[in-house]
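The structure under discussion appears below in the form of structure tokens.
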Amino acid sequence: MIGYVTIGVSDMAKAKDFYANLLSDAGAKVLLDMGRIAFIGQSMASPMLAVCTPYNGETNQPGNGNMIALPAGSKEAVDAMYNKAIELGATCDGEPGQRIPDQFYGAYVRDPDGNKLAFFQFG
């Protein structure tokens, strides 16, 4: 249903490194790099995350209320993704934990540009 999601960044090299490393355990890598935009994912036929510098040349701004939620596959994987993101330069926006009893386990970070990410597991 989703082809790709794009987020604005200030430093393309840093953003590509952050997301390619963060998502490498899921088999993701930089698939297409066009200079001011790069697509990261498992294949061009599956959902991707794109990082880009804003087209208008102005400073990127993380959206208020916007968030990218990445399925982790297990509670342990949520913890691992959260820890890896922090090691790669993200900041905590909600430590891993059970949010809704027996339904939702999640963790939240802000990438180096302030974009909000969630790592989650239902059930």
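Based on the alpha-carbon gyration tensor of region 38-81 and its eigenvalue square roots a ≥ b ≥ c, which shape applies: rounded if a/c is under 1.5, prolate if not and a/b is larger than b/c, or oblate?
Values: a/c = 3.14, a/b = 1.55, b/c = 2.02.
Taking the square roots of the gyration eigenvalues as a ≥ b ≥ c, region 38-81 is oblate.
When only alpha-carbon atoms are used, what values of Rg and Dmax, in angstrom, describe the chain?
So, for the chain, Rg and Dmax equal 14.2, 45 Å respectively.
Using the Cα gyration tensor of region 67-123, with a ≥ b ≥ c the square roots of its eigenvalues, what is the shape: rounded (a/c below 1.5), prolate (a/b larger than b/c) or oblate (neither)?
Details: a/c = 2.15, a/b = 1.77, b/c = 1.22.
Judged from the Cα gyration tensor, region 67-123 comes out prolate (a/c at least 1.5, a/b above b/c).
With contacts defined as alpha carbon pairs under 8 Å and 6 or more residues apart, what's the relative contact order of the chain in percent? Kindly include the intermediate steps, with their values, before the conclusion.
Values: 237 pairs, mean separation 28.0, N = 123.
Relative contact order comes out at 23 percent.
Hey, in the GNM for the chain with a 10 angstrom Cα cutoff, which one of GLY97, GLY35, GLY89 fluctuates hardest?
Maximum among the listed residues: GLY35.
Across 10 Å bins from 0, what is the distribution of all Cα-Cα pair distances for region 1-73, in whole percents?
Percent of Cα pairs in each bin: 19, 54, 25, 1.
Determine the dipole magnitude for region 1-54: charges of +1 sit on the beta-carbon of Lys and Arg, -1 on that of Asp and Glu, nothing else is charged, the reference point is the Cα centre, and the result goes in debye to the nearest 20. Walk me through the intermediate numbers first.
Numbers: 4 positive and 4 negative charges, 17 e Å.
Roughly 80 debye, rounded to the nearest 20.
Using Cα atoms only, what is the angle between the long axis of helix 12-22 and the major principal axis of the chain, expressed in degrees (0 to 90) to the nearest 10?
30 degrees
Expressed as a whole number of Å, what is the distance separating the alpha-carbon centroids of region 9-49 and region 78-119?
19 Å
Compute the long axis of helix 75-87 from its Cα atoms, compare it with the longest principal axis of the Cα atoms of the chain, and write down the angle in degrees, 0 to 90, nearest 10.
40 degrees
Dipole size in debye (nearest 20) for the chain around its Cα centre, Lys and Arg Cβ +1, Asp and Glu Cβ -1? Walk me through the numbers on the way to the answer.
Details: 9 positive and 13 negative charges, 42 e Å.
My answer is approximately 200 debye.
For every helix of n ≥ 4 consecutive DSSP H residues, a contribution of -39,500 (n - 2.57) applies; sum these over the chain, divide by its total residues, and give [θ] at 222 nm rounded to the nearest 500 deg cm²/dmol. Spell out each step's value before the answer.
Values: 2 runs with 24 residues, N = 123.
The per-residue figure over the chain is -6000 deg cm²/dmol.
None of the figures in this text is laboratory data; all of them are computed from the coordinates on show. Predicted model only: the values in this text are computed from it and were never measured. Using ideal geometry, Cβ is built from the backbone for each residue, glycine included, and neighbour counts are taken over all protein chains shown.
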